[in-house]
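Beneath this line is the structure, given in structure tokens, with notes to follow.
The values are calculated or read from the model by the stated rules, or taken from the named source; none is laboratory data. Predicted model only: the values in this text are computed from it and were never measured. Here the Cβ positions follow ideal geometry from the backbone for every residue, glycine too, while neighbour counts run over all protein chains shown. Quick note on the areas: whole protein, heavy atoms, side chains included, nothing else; ligands and nucleic acids left out. Shrake-Rupley method; radii C 1.70, N 1.55, O 1.52, S 1.80 Å.
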Amino acid sequence: QVNVVESGGGLVQAGGSLRLSCAASGSRFSIKTMAWHRQAPGKQRELVAAIGNTERANYADYVKGRFTISRDKAKNMGYLQITSLKPEDPAVYYCEVGTGGTVLPTRRDWGRGTQVTVSS
């Protein structure tokens with residue numbers, strides 16, 4: 001079982017920056033993939049960014065050029081650097097960690113999320 005905890009959220013003025021962190025813990029596991037999702041009130045959860053074993057990142061169109069996903073495999077840590085925050089970015093941001101398997105992950109775990117709020 002893998003425990004996932006997000007942190008780094010908070011209230012930030014529009015145009016500001018924020019770095020979200022994702023910590024994975026447990027025993028006998030290795031991270032294959034990591035992704036960030038967000039869910040705003042009244043909306044479905046949507047994919048923001050994802051990164052796999054090749055370290056190639058994919059981003060949603062609305063965050064391209066503003067968000068950067070990265071990770072430190074040795075520390076089992078992931079990050080989402082957010083810049084140029086917009087009024088439409090407020091949401092609970094979730095970290096998804098894929099583990100197990102040989103090539104593709106066999107399980108996915110989620111954290112409880114971290115709240116990002118933008119003030120104008």
### Task
Using R₀ = 35 Å, calculate the FRET efficiency as 1/(1 + (r/R₀)^6) where r is the Cβ-Cβ separation of LEU104 and GLN13; round to 0.05.
0.30
## Note on the structure
Computed over the Cα atoms of the stretch 42-93, the Rg and Dmax in Å are 12.0, 37
#### Entry: Contact order normalised by residue count of the stretch 1-84, Cα under 8 Å, 6+ apart, percent
31
### Query
What does the highest-first list of 105-118, 87-100 look like by mean Cβ count within 10 Å?
87-100, 105-118
### Task
Compute the whole-percent fraction of alpha carbon pairs in the chain spaced more than 25 Å apart.
19
### Message
Accessible area of the chain with a 1.4 Å probe: how many percent of it is carbon plus sulfur?
### Response
48
### Task
Roll a 1.4 Å probe over the protein chains and send me the accessible area per residue for the stretch 32-120 in Å².
55
